[in-house]
Amino acid sequence: MTRSSPTDFVKADKKINMQPLNFMAIWAITSQGANICREIARQFPGSHIYLGDKVKDPPPEATLFQSLQQAVNEKFGLYRAHVFVMATGIAVRMIAPHVNSKLSDPAVLVVDDSGRFVISLLSGHLGGANSLTLEAARVLEAIPVITTATDNARVPAIDQAARQKNLFLDNPRAVKEVSMAFLAGERVDRFDPGGWLDKDSGAWTSTLAEPVFTRNPGIMVHHRITEAPEHVLVLRPRNLYVGIGCNRGTTFAELLDVLHTAFDKNRLSIQSINLLTTIMEKTGEPGLLELSRHLRRPLTGFTRHILDLVRDVPNPSLMVHKHMGVKSVCEAAAMTAANQGTLLVPKIKSGNVTVAVASCT
């Protein structure tokens, strides 16, 4: 049995490159390939072209390199997608030192030098290589080559569906269990009270009213942390809205500690946070801004007028009203952000911080 902890996200997050990624790098080493690069780049705004320095009459927007391997080494981790207009073998050797995990690898496509085929080479589902392959093939009037079994068998690709719905994969190893069951036509149990995957896998799964799983492969889509067998894929919807109030100068460390306390106590997954919210006057607090960057979730603020429109806050505060001019910050902000959804965690006060959590489903 496995269970994820909210602290797992923070530990893993420290290993992630926090710099924003560019969209697509397009690589070629011949003049014919350079022409194909320009054709692809015209259809994918934000793309960057990298060409070997022996290419004749390179386009002015291209960056030239002497060593393909050195250039790929330097740029591979800076893009969400790479397109190599060259032989597949060359592309494989270039990316081999950098292939790490299906959760973090960028999409990699290969286009032959004559533009006849577009091959989805790496990260077909989570990285989006399959969908990019279809689009690039349409642009080039080429033949798309997609080899992932679920696509060819016309069964749901659960990791791709999760990506499209912005669901976080808590235990990605279980994707294989679910995919193999789909391919074999076997029963897959699904606990998904929010109906996140109804359209994508409803016809292929049996709906559970409670998260009680058998030996069958299963899928659980929920923000609650509950024990689940290893063969059950746990997906976290981004449906939690965290309202935060704090005193001026409250540190990032204190904010993070209170947030963890609230989530641990209520067995909620930090992976399910959609955004952080507070009163407008607090959106410039350095501690809150650092928390937003650390969790990679946006921070937003509401005006006093908007917060005061929330009539049924469980724990109004005279002190907050005295200093901020509203009866509630954290609860009102969380409920407003969640479109008056369910308040899962009423106000928790600790030191300089108050936290509340609401859900939109």
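The values are calculated or read from the model by the stated rules, or taken from the named source; none is laboratory data. Remember, it's a predicted structure, so these values are computed and weren't measured experimentally. Glycine also receives a Cβ, built like all others from the backbone with ideal geometry; neighbour counts cover every protein chain displayed.
If you take the residues of region 40-69 that are in contact (Cβ under 8 Å) with a residue 40 or more places away in the chain and within 15 Å of M86 (Cβ to Cβ), which of them is farthest from the chain's Cα centre (by Cα)? Ranking the candidates gives L68 first.
In summary, T214 fulfils each of the numbered conditions (1) of a type outside the set (A, V, I, L, M); (2) within 21 Å of F182 (Cα to Cα); (3) not in a loop (DSSP other than H, G, I, E, B) with the single exception of condition (3). There is at least one residue in region 210-219 that is hydrophobic (A, V, I, L, M, F, W, C), surrounded by 19 or more Cβ atoms within 10 Å (Cβ to Cβ) and under 17 Å from L169 (Cα atoms).
Filtering region 106-157 to residues that are modelled with pLDDT of 80 or more, closer than 24 Å to W204 by Cβ and of a type in the set (A, V, I, L, M, F, W, C) leaves A129, L134, I146.
Given the condition at positive phi, at pLDDT below 95 and assigned by TED's automatic domain parsing to the domain that holds M319, answer yes or no: does some residue in region 258-278 qualify? Checking region 258-278: not a single residue is at positive phi, at pLDDT below 95 and assigned by TED's automatic domain parsing to the domain that holds M319.
The criterion of at least 3 residues that are under 25 Å from the mean Cα position of the chain (by Cα) is met, among helices (runs of 4 or more DSSP H) falling completely within region 266-347, by 286-295, 330-337. Taking region 291-320, which residues are at pLDDT 90 or above, out of contact with any Leu (no Cβ under 7 Å at 6 or more places or on another chain) and polar (S, T, N, Q)? Matches in region 291-320: T303 only. Taken as a whole, the condition of being under 20 Å from R236 (Cβ atoms) and assigned by TED's automatic domain parsing to the domain that holds H260 applies to L295. Exactly one residue among R248, R236 is of a type outside the set (A, V, I, L, M), under 30 Å from E186 (Cβ atoms) and either buried (at least 17 other Cβ atoms within 10 Å of the Cβ) or in contact (Cβ under 8 Å) with a residue 12 or more places away in the chain (or both), and that residue is R236.
When the residues of region 197-211 are filtered to those that are more than 17 Å from V234 (Cβ to Cβ) and part of a helix (DSSP H, G or I), which remaining residue is modelled with the highest pLDDT? Taking the candidates together, the pick is D198.
The requirement of being surrounded by 19 or more Cβ atoms within 10 Å (Cβ to Cβ), in the same structural domain as T283 (by TED's automatic domain parsing), of a type in the set (V, I, T) and touching a residue at least 40 places away in the same chain (Cβ under 8 Å) is fulfilled nowhere in region 175-184; no residue meets it. Residue pairs whose Cβ atoms lie under 8 Å apart, separated by 6 or more positions or on different chains, with the first residue in region 82-104 and basic (K, R) and the second surrounded by 15 or more Cβ atoms within 10 Å (Cβ to Cβ), are K102/S123; K102/H125; K102/L126; K102/G127; K102/D159; K102/P172. The set of residues in region 233-263 that are in a strand (DSSP E or B) and touching a helix residue (DSSP H, G or I) at 6+ places or on another chain (Cβ under 6 Å) comprises L233, L235, R236, L240, Y241, G243, I244, G245.
Taking the criterion of being under 30 Å from L197 (Cβ atoms) and in contact (Cβ under 8 Å) with a residue 60 or more places away in the chain, the residues of region 337-361 that qualify are A337, A338, G341, L344, V345, V355, A356, V357, A358, S359, C360, T361. Would you confirm, using the coordinates I've provided, whether R187 is in the same structural domain as P346 (by TED's automatic domain parsing) and more than 30 Å from L132 (Cα to Cα)? No; evaluated as a whole, the condition is false for this residue.
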